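These notes are about the structure you will find just below.
The values are calculated or read from the model by the stated rules, or taken from the named source; none is laboratory data. These numbers come from a predicted model, not from an experiment. Quick reminder, even Gly has a Cβ in these numbers, built from the backbone with ideal geometry, and neighbours come from all protein chains shown.
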Amino acid sequence: MSDAGVLRVLWTAVAILVVLIGLTLFYLVERKVLRTRHRLQVAEATRRFADPDSPLVEYLGSGERSRRLEMSGEGLRREALEEALLSRLALSASQTERERIYAFAADYFAEEYEYLLGRRRWGDRMNVLLHIEKFRMTGMKDRLIERLGLLENGPNSDDERFLLVRTLASLQAQETSDYFDIAAERFSDLQLMQVLVALQGERLEELVRRFDSLPIRVRRCLLDTLRLGNVRTVEVLELLERSMRSEDRETRIRALKALANFGYMTPEAADVLEERFSQGEAVIWPERMMQARLAGAVRQERFAPHLENLMADPAYEVRREAAASLSNYRNGLERIAKVAEEHPDRFARDMAVETLERRAYERNVV
Amino acid sequence: MSGMWFDILTGVHRVFGVLITIYVALSAGIYLFLTAAAARSLWRERDLSEIQYSTVLETELVPPLSIIVPAYNEEINIVGSVRSLLSINYKQFEIVVVNDGSKDRTVPIMLEEFNMTEVKGRVPFSGLKKETKPIRAVYRSLRHPNLVLVDKENGGKADALNVGINVCRYPYFVSLDGDTVLDADAFIKVVKPIMDARPGEEIVATGGSVGIANGSEVDSGYLSSASVRLSNKPLVVMQVVEYLRAFLMGRIGLSRYNMLLLVSGAFGVFKKSWVVEVGGYETGTIGEDMELTVRLHEHIRRKNSKARIVYVPEPVCWTEAPESLTILKRQRTRWHRGLYESLRAHKKMIFNPRYGRVGMISMPFFLFVELLGPLVELFGYFTVVSGFFLDRINVEISLVLALVMLLFGSLMSTMSVLFEEWRFHNYNRISDTFRLFFYALSESFWYRPIMTWWRTVGLFEALRGKKHGWGEMTRVNVLGANKKPGTIQGAQPVPPEKKE
C-alpha cells in the first residue's frame, strides 16, 4: 500500500475513534442528567409523602382513598414513587399501614409491571420482580406463572427462575410447590431456603403434611426453615422426631438442630437420642455436636453423663457444645468444675476451665 | 563496510517492526475481547436495583464467614477496624485477628479493649500441611464470643493468614487487610455467588472491586455509595480511572471464562477446604494473593473440577490511593515485582494445554501484556527513534499511527467510565463524570508513560531479585499501597509505530 493509502486508512481510524469517544461522552452525560432528574423526583416524592398533610399519610391513617390520593403521584415517575413507598415500608411498622401501602401500590403499578415483566431487558424484569415481592402484589400471580412457563430451560434463565419462584412463594401462591422439582435440581440450598422461608401459615402446614413426597433437598431445607421460623406445632414436632431417625445423615443433623431449637422432645425421641449417644464416634462430629446441643436444650438428667463424655471429644466444636450444654443443667457449673479438676482427659479439663471463665464473666456483666 | 552495517541494522529494524506490530495487534485484540465480554454482562445487569441485597439481608440465610485480619504493629488502627467489623451488616461471622509478632502494644490493647481471655483447647484444626511460625496464645473475647485473637511469632503476612486459616471455624474465610474500608454491604455482595451456586457447582473463591476512597467521607469504618466523592487531585482521579478499567473491564471478562488470576488481597472470600488442599498462602512472596489464586487454578485443572473462581463487579471495599509520586512509584514497582514472582513460580503453566484456558490464555496474557508490556513499549519508542535515524520512517504516518493508538487507549478508558455508570453510578455529580471522562482521555499523554517507566523499573528490580517483607508493606506504604487493584492495567501498550 502506498504511503498515501496508509495515511487515508489511519485518518479514517482517527475519525472513527473520535466519533466513538464523542458518542460515549454524549451518552454518559445524558444518563447523568436523567439520573439527576430521577434523584430530584425521588426527593420530591419522599417530601410529598412525608408531609403530615399529604394524601398518602391521610390514607395510611384512615384507609380511605381520596381523590387527592389518586392525584398525589401525578407528575412523578414510577421509579420515584416506588422508591418513596419502599422507604416508607421500611420505616412503618404497623400491619395495617403496610397493607394499605400494598393496596396502593397494587393499584398504581399493576399495569406497568405487567408490561415490564415481558420486557426484553433482563435487568428490567429482575427489578420488577423484586418490587412485586416487596409490595406483595398478589394480583400478579398468574402473570408470574405465565412467565415461568415461557422461560427457557437452560441455566441462563436460572436467576430469573429463582426470583420468579421466590416471588410466587412470597405471594403465598399454592402453585409454588409445582416448581419444587426443578428447584431441587437447579437452586442452591440457600436459594431453596429463601423460597421455603417465604411460605407461611396454610402453605407451610401443607408442606409439613406432604413432607415425604418432597424432593430430598427440599426436605432438608424445610427442616432448617422450620427452625429459623420457630414453628412450634405438634405436627412439626412429630416431623422433627421422625426425621431424627432418618436414613439420610444430613436430614438427621438438621432435624437434631431444629429439635434443639424447639427445646422439647417426647420421651420416645429421648430414648432414640440416648441410644445414639452410646454409638460414640461411629457418628460423625457435626451430628455429635447437634446431639450435644439437643441434650442441652431439653435438660434431662440421663444425658448428663454423655455430655461429660463428649467434653473429651476429639473435635473442639463438640467439646465446646457439650460444655455449654452441660452448664445449662442443674448444678451444671459444679459438674463442670468437677470435670476441670478430675477428668482424665486434658482437653476436657481445658474446655471446662474455658467454660467456667466465660460463665463467670457473663454473671458479672448480665 | 558501513553499507553492510546499514543493511544489517535495517534488517533488524524490519524484524523488530513486524514483531511489534503483531504484538500490538494481538494485545489490542485481547482488550477488545475483554471489553466486549464485560460490556455484555454489565449491559444485562445495568440499573439492577439494590433491593436485591436487602431482601436477602433481612433473613438469616447467609453462609457463615470467618474473617481473618492479619495485624502487624497496628496498635493505632486495630480497635477501630475490629469495632467496625463487629458491626457489619451480616448475620453469621467470626473475626480472627492474627497478631504477627507485633513489636508494639497491639495484643495488650486488644486484650483490654475486648475483655479477652486465653483459650487453651483451641488447637489449629483445619489440617493445613504447611509449617507456620509457632502460636503463642489464642484468646477469645468474653464480650463478643465471635472475636478471636491469635498471638504468634513474626512470620509475615502470608504466614499470619495461614495461621488464621488453621484457627478459623467456618467453611469460607475472608482475607482482609487491616486498613481496608468496607462498603456497608460488602459481605453480602461478595457472598452472593456462593449463595447462588447451583447444586454441584463449587465456588472456590470470590472477590470484588476495590475503589479509591480519597476525597470521600468514611463513616465509622464504612463507606456507602452515597458518600463517594471524586478527589480533586489529578493523580488520584487518574488512579480511579485505572482501577475502574482494571476491575470493570479486565476482571469481568476474565471471570466470565473462569480465567481470573487474581482475587485481591484487600478483600477476598475463599473456600477453606480448597486453600488447605493447595497448602495455604506461600510465604516470602510479594503478591501472595495472586500466587494463591494461580495455585487454586492449577489445582482445579489437575482435579478436572468444574469449580470456579468468581469476580463480583460491585465495589466492596475502598482503599486510600497514594497521592504523591514517590509512594505511587514504590507501589507500582512492588506490584510489578509481585507479578513477576507469581508468574515465575508457575512458569510451567504458561502455554501448557493441561491447564486449559488459564494455561493457554490468561498466563501468556499476563506474561506478555502485563509483565513484558512496558518493556515492549519502550522498545517500540526505541524502534521509532532508530528508524528515524535509519531514515526508514515516514514521520507523518508514525505520528498519525501514534494518535490512533492513543485514542484507542482513551476509548478503552472512557468505556470503563461508562461501565461504572451503567452498573453502580457512584459518582453522581455531572462535574465528576466530566472530570473522569477528560482525565481518561488525557491518560495516554502523561500518566501512561510514567507507569510504563515505573513498571519497567519494577521488572528490572524483580530480575535483580529484590525482596521485601511485612515491614515495608504495612509501615512504609501507609497509604494503603499493599492493595492490588488488578494487574490488568494499561488499556493498550502504546504502539511502536513503524513503516514498511
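All of (1) free of Cβ contacts under 8 Å to residues at least 60 places away in the same chain; (2) in a loop (DSSP other than H, G, I, E, B) hold for B:Leu48 with one exception: (1). Take A:Ala169 and decide whether it is of a type outside the set (Val, Ile, Thr), in a helix (DSSP H, G or I) and within 21 Å of A:Leu86 (Cβ to Cβ). So A:Ala169 passes the test. Would you be able to say whether some residue in the range B:389-408 is touching a helix residue (DSSP H, G or I) at 6+ places or on another chain (Cβ under 8 Å), in contact (Cβ under 8 Å) with a residue 12 or more places away in the chain and away from chain A (no Cβ under 14 Å)? Yes: the range B:389-408 contains one or more residues that are touching a helix residue (DSSP H, G or I) at 6+ places or on another chain (Cβ under 8 Å), in contact (Cβ under 8 Å) with a residue 12 or more places away in the chain and away from chain A (no Cβ under 14 Å). Going through (1) under 32 Å from the mean Cα position of the chain (by Cα); (2) at pLDDT below 80 one by one, A:Arg68 falls short only on (1). For the range A:76-119, enumerate the residues that are of a type in the set (S, T, N, Q) and in a helix (DSSP H, G or I). Once the filter is applied, which keeps residues that are of a type in the set (S, T, N, Q) and in a helix (DSSP H, G or I), the range A:76-119 yields A:Ser87, A:Gln95, A:Thr96. The helices (runs of 4 or more DSSP H) found entirely in the range A:284-366 that carry 3 or more residues being away from chain B (no Cβ under 14 Å) and either touching a Ser or Thr at 6+ places or on another chain (Cβ under 9 Å) or not polar (S, T, N, Q) (or both) are A:285-298, A:304-310, A:332-342.
Of the residues making up the range B:256-298, just one is buried (at least 24 other Cβ atoms within 10 Å of the Cβ), outside any loop (DSSP other than H, G, I, E, B) and of a type in the set (S, T, N, Q), namely B:Thr293.
Within the range A:24-58, the set of residues being more than 10 Å from every other protein chain (Cβ to nearest Cβ) and aliphatic (A, V, I, L, M) comprises A:Leu34, A:Leu40, A:Val42, A:Ala43, A:Ala45, A:Ala50, A:Leu56, A:Val57. Right, B:Glu377: at pLDDT 85 or above, assigned to a helix (DSSP H, G or I) and of a type in the set (D, E, K, R) or not? The answer is yes for B:Glu377. For the range A:175-191, the condition of being part of a loop (DSSP other than H, G, I, E, B), more than 9 Å from chain B (Cβ to nearest Cβ) and modelled with pLDDT of 90 or more holds for none of the residues.
In the range B:148-174, the residue that is modelled with the lowest pLDDT out of those that are touching a Pro at 6+ places or on another chain (Cβ under 8 Å), crowded, with 21+ Cβ neighbours inside 10 Å and within 13 Å of B:Ala71 (Cα to Cα) is B:Lys157.
Apart from one condition, B:Leu61 fits all of (1) over 26 Å from the mean Cα position of the chain (by Cα); (2) of a type in the set (A, V, I, L, M, F, W, C); (3) modelled with pLDDT of 85 or more; the exception is (3). Of the candidates A:Met290, A:Met351, the single residue that is over 26 Å from A:Leu240 (Cα atoms) and surrounded by 20 or more Cβ atoms within 10 Å (Cβ to Cβ) is A:Met351. Scanning the range A:1-13 for residues that are surrounded by fewer than 16 Cβ atoms within 10 Å (Cβ to Cβ) and within 17 Å of B:Met405 (Cβ to Cβ) gives A:Val9, A:Trp11, A:Thr12.
Taking the range B:185-220 as the range and being surrounded by fewer than 19 Cβ atoms within 10 Å (Cβ to Cβ) and over 26 Å from B:Ser305 (Cβ atoms) as the test, the residues that pass are B:Gly215, B:Glu217, B:Val218, B:Asp219, B:Ser220.
Hey, any hits in the range B:65-76 for a residue that's within 14 Å of chain A (Cβ to nearest Cβ) and in contact (Cβ under 8 Å) with a residue 40 or more places away in the chain? Yes, because at least one residue in the range B:65-76 is within 14 Å of chain A (Cβ to nearest Cβ) and in contact (Cβ under 8 Å) with a residue 40 or more places away in the chain.
Among all positions in the range B:185-203, there is no residue which is free of Cβ contacts under 8 Å to residues at least 24 places away in the same chain and either under 29 Å from B:Asp432 (Cα atoms) or part of a helix (DSSP H, G or I) (or both). For B:Glu74, the requirement of being surrounded by 15 or more Cβ atoms within 10 Å (Cβ to Cβ), on the phi < 0 side of the Ramachandran plot and at pLDDT below 90 is met. Among the residues of the range A:60-68, not a single one is among the hydrophobic types (A, V, I, L, M, F, W, C), surrounded by 12 or more Cβ atoms within 10 Å (Cβ to Cβ) and out of contact with any Asp or Glu (no Cβ under 7 Å at 6 or more places or on another chain).
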